[in-house]
């Protein structure tokens, strides 16, 4: 029987056995799960200050918990200098044990949550800057209202995030490129289209074919690790690419949208963001046959496949975005 299917009492025994074994190996007392969590966070962030920031505590608290853990296990776990933190041999062994112990605690928590049907605990979520600020943040505020027992932290990035090594429970991402080692659940379908302001089209005319974009002023958005200045679009199930450029580019979707509204170029933007502007006549769609998939996904590690609080979060977001779907 896998750990994910254990009953709460079985998980309690598994956790107790693992922590007891760890204490016996190092001939110390039983370590506290909180100290193990602090220890793993320090390793991942390679800094007491960065770990403290993620955990929402002081660096002094982190240092104290590490000291208590080392005293509990009667061994040194970390080499600390003014510039870096590295694991001792014992620290490397404890790291593996700690990860397993905390995973068992997570299973226990999830079993109890399912039993009480009231999601609670921490959820560390990440998303991209534009989509995260405009769409994810308001949705998570509503999620917090629905489930007061949840503690939600949202971090936004303009880069690719490794959710496992960086300690995230969930990523809300736009695009279908889901890493094979993670679980992806589509929240809602979405699409990017080409559009421009009427004032721009009056001056430059509308492109008649995709290659015409090479001679237009295009507003290029730099997103994550996507090739800069290359738009890959779909028509009738076939992908075509075109190299685009212009005097204006940014890593902010909101900025390029404002430029487009002021007639500064052709824009590739999510239909979610531009539909009201199209209806108001502030933007006009061009090259209607072309588009780009921009589906919204919830992506999470396989270790959280049976997490009750994560399931509640994903199902809530799926229902929320379905209401907003165009």
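Using DSSP, restrict attention to beta bridges with both residues in the chain and report what percent are antiparallel, rounded to the nearest 5.
Around 65 percent antiparallel, to the nearest 5.
What is the extension gain from residue 32 to residue 318, computed as 0.36 nm multiplied by their sequence separation minus the C-alpha to C-alpha distance, in nm to one decimal? Could the numbers behind the result be given before it?
On the way: separation 286, 0.36 × 286 = 102.96 nm, distance 3.61 nm.
Extra length from residue 32 to residue 318 when fully extended: 99.4 nm.
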**Complete:** Most exposed to least, judged by fewest other Cβ atoms within 10 Å, 303, 65, 84, 243 sort to 84, 243, 303, 65
**Prompt:** What is the distance in Å between the Cα centres of segment 129-162 and segment 200-268?
**Reply:** 28
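Compute the length gained on full extension between residue 144 and residue 191: take 0.36 nm times their separation in residues and subtract their Cα-Cα distance, giving the result in nm to one decimal. Before the final figure, lay out each step's value.
Numbers: separation 47, 0.36 × 47 = 16.92 nm, distance 2.83 nm.
My answer for the length gained is 14.1 nm.
How high is the relative contact order of the chain? Use alpha-carbon pairs under 8 Å, at least six apart in sequence, and give a whole percent.
Working: 531 pairs, mean separation 64.5, N = 326.
RCO, the chain: 20 percent.
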**Complete:** Everything considered on the Cα gyration tensor (a ≥ b ≥ c; rounded for a/c under 1.5, else prolate if a/b is larger than b/c, else oblate), segment 120-177 must be described as oblate
**Message:** Once you order the gyration tensor axes a ≥ b ≥ c over the Cα atoms, which shape class does segment 191-293 get: rounded for a/c under 1.5, otherwise prolate or oblate by comparing a/b with b/c?
**Reply:** rounded
**Prompt:** Just from its helices, what would the mean residue ellipticity at 222 nm be for the chain, if runs of 4 or more DSSP H residues each count -39500 (n - 2.57) and the sum is divided by every residue, rounded to the nearest 500 deg cm²/dmol?
**Reply:** -13000 deg cm²/dmol
**Request:** May I ask you to order 295-301, 77-83, 263-269 by the average number of other C-beta atoms within 10 Å around their residues, highest value first?
**Result:** 263-269, 295-301, 77-83
**Fill in**
Taking Cα atoms only, helix 8-25 is inclined relative to the longest principal axis of the chain by an angle, in degrees rounded to 10, of 60
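Just so you know, all these numbers are worked out from the coordinates, no wet-lab data involved. Bear in mind that the values here come from a model prediction, so they are computed numbers and not experimental data. Cβ atoms come from the backbone with ideal geometry, glycine included; neighbour counts cover every protein chain shown.
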